Amino acid sequence: AQTVTQSQPEMSVQEAETVTLSCTYDTSESDYYLFWYKQPPSRQMILVIRQEAYKQQNATENRFSVNFQKAAKSFSLKISDSQLGDAAMYFCAHNTDKLIFGTGTRLQVFP
Amino acid sequence: EPEVTQTPSHQVTQMGQEVILRCVPISNHLYFYWYRQILGQKVEFLVSFYNNEISEKSEIFDDQFSVERPDGSNFTLKIRSTKLEDSAMYFCASSDLSRGLGNEQFFGPGTRLTVL
């Protein structure tokens with residue numbers, strides 16, 4: 001069965017600092033995609049970044065980057081230069097033909 | 001920029017009543033999904049829909065649930081007889097071409113369903 005595990009229910013970071021959110025997954029597929037979604041208090045699901053499993057290069061989107069370790073089935077999200085607006089729930093998700101989400105990490109950003 | 005829309009934003013209903021949640025996917029998308037998020041919990045897959053039929057459904061999607069694409073634009077989720085435990089945020093999503101594999105699923109803003 002495909003599973004996604006986020007072991008950090010809550011994280012906090014000081015503004016302008018860097019924080020890393022952890023995610024591990026389990027799948028028997030060889031070709032798949034991984035995503036990080038942000039859910040602010042409005043509860044809208046916003047795509048932050050995605051990684052294609054067949055690509056060795058880690059994805060980067062501005063201040064957001066991932067550390068994808070395929071053998072370890074690990075997919076962590078690094079947020080650099082954290083901003084107050086980054087405060088939200090972050091969900092890791094695995095996609096074959098449907099999204100399987102982790103339980104989320106609530107990120108607090110302190111000024 | 002095209003977006004997925006959902007109506008209503010909030011629906012309050014009595015237990016046992018039928019509700020229909022509506023979604024308008026992005027116009028050139030072919031794959032449609034419903035997800036559910038009970039307050040404070042993770043987002044869970046309900047059903048996927050392609051070519052006017054259900055592609056896959058989860059254990060949650062029992063006989064009380066149905067989906068329909070009644071015209072070329074709307075995609076609906078019906079709950080026939082609501083239960084208290086159906087109270088949740090319901091998200092519609094759509095994607096194009098490659099059945100969601102790798103293609104981003106675009107999420108609507110959600111409908112918050114409250115069953116009293």
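In region A:22-31, is there at least one residue being more than 14 Å from every other protein chain (Cβ to nearest Cβ), of a type in the set (Asp, Glu) and out of contact with any Leu (no Cβ under 8 Å at 6 or more places or on another chain)? Yes: one or more hits.
Within region A:59-67, identify whether any single residue is crowded, with 16+ Cβ neighbours inside 10 Å and more than 12 Å from the chain's Cα centre (by Cα), and answer yes or no. No, there is no match, as no residue in region A:59-67 is crowded, with 16+ Cβ neighbours inside 10 Å and more than 12 Å from the chain's Cα centre (by Cα).
The criterion of being closer than 27 Å to B:GLY40 by Cβ, of a type in the set (S, T, N, Q) and touching a Leu at 6+ places or on another chain (Cβ under 8 Å) holds for A:GLN8.
Looking across region A:52-102, the residues that are hydroxyl-bearing (Ser, Thr, Tyr), assigned to a loop (DSSP other than H, G, I, E, B) and at pLDDT 95 or above come down to A:SER80, A:SER82. Would you check which residues across region A:68-81 are surrounded by fewer than 21 Cβ atoms within 10 Å (Cβ to Cβ) and either within 21 Å of B:PHE107 (Cα to Cα) or touching a residue at least 40 places away in the same chain (Cβ under 8 Å) (or both) and list them? A:ALA72, A:LYS73, A:SER74, A:SER76, A:LYS78, A:SER80, A:ASP81, listed by residue number. Kindly check whether there is at least one residue in region A:14-26 that is of a type outside the set (Gly, Ala, Ser), within 20 Å of B:GLN105 (Cα to Cα) and without any contact (Cβ under 8 Å) to a residue 60 or more places away in the chain. No - not one qualifying residue is present in region A:14-26.
Of all residues in region B:2-58, those being more than 23 Å from A:VAL4 (Cβ to Cβ), assigned to a loop (DSSP other than H, G, I, E, B) and within 11 Å of chain A (Cβ to nearest Cβ) number 2. Cβ-Cβ distances below 9 Å connect the following pairs, each with a first residue in region B:12-34 that is farther than 24 Å from B:SER55 by Cβ and of a type in the set (Val, Ile, Thr), a second residue that is part of a loop (DSSP other than H, G, I, E, B) and modelled with pLDDT of 95 or more, and a separation of six or more residues or different chains: B:VAL12/B:LEU116; B:THR13/B:THR82; B:THR13/B:LEU116. Provide a single number: the residues in region A:2-21 that are more than 14 Å from every other protein chain (Cβ to nearest Cβ) and in a strand (DSSP E or B). Total satisfying the criteria: 7.
For the residues A:GLN51, A:GLN39, A:GLN6, the requirement of being touching a Ser or Thr at 6+ places or on another chain (Cβ under 8 Å), surrounded by 15 or more Cβ atoms within 10 Å (Cβ to Cβ) and of a type outside the set (Ser, Thr, Tyr) singles out A:GLN6. Remark: B:THR114 falls outside the filter, which requires a residue to be in contact with a Ser or Thr (Cβ under 8 Å, 6 or more places away or on another chain), at pLDDT 95 or above, in a loop (DSSP other than H, G, I, E, B) and of a type in the set (Val, Ile, Thr).
Return yes or no: is B:ASP62 in contact (Cβ under 8 Å) with a residue 24 or more places away in the chain and surrounded by fewer than 22 Cβ atoms within 10 Å (Cβ to Cβ)? Spelling it out, it is not the case that B:ASP62 is in contact (Cβ under 8 Å) with a residue 24 or more places away in the chain and surrounded by fewer than 22 Cβ atoms within 10 Å (Cβ to Cβ). Test A:GLN39 against the stated conditions and say whether it is within 13 Å of chain B (Cβ to nearest Cβ) and closer than 18 Å to A:PHE75 by Cβ. Yes: the conditions hold for A:GLN39. Could you tell me whether region A:85-95 includes any residue that is away from chain B (no Cβ under 14 Å) and either crowded, with 20+ Cβ neighbours inside 10 Å or within 11 Å of the chain's Cα centre (by Cα) (or both)? Taking every residue of region A:85-95 in turn, at least one turns out to be away from chain B (no Cβ under 14 Å) and either crowded, with 20+ Cβ neighbours inside 10 Å or within 11 Å of the chain's Cα centre (by Cα) (or both).
The values are calculated or read from the model by the stated rules, or taken from the named source; none is laboratory data. As the structure is a computational prediction, the values presented were derived from the model and not from experiment. Using ideal geometry, Cβ is built from the backbone for each residue, glycine included, and neighbour counts are taken over all protein chains shown.
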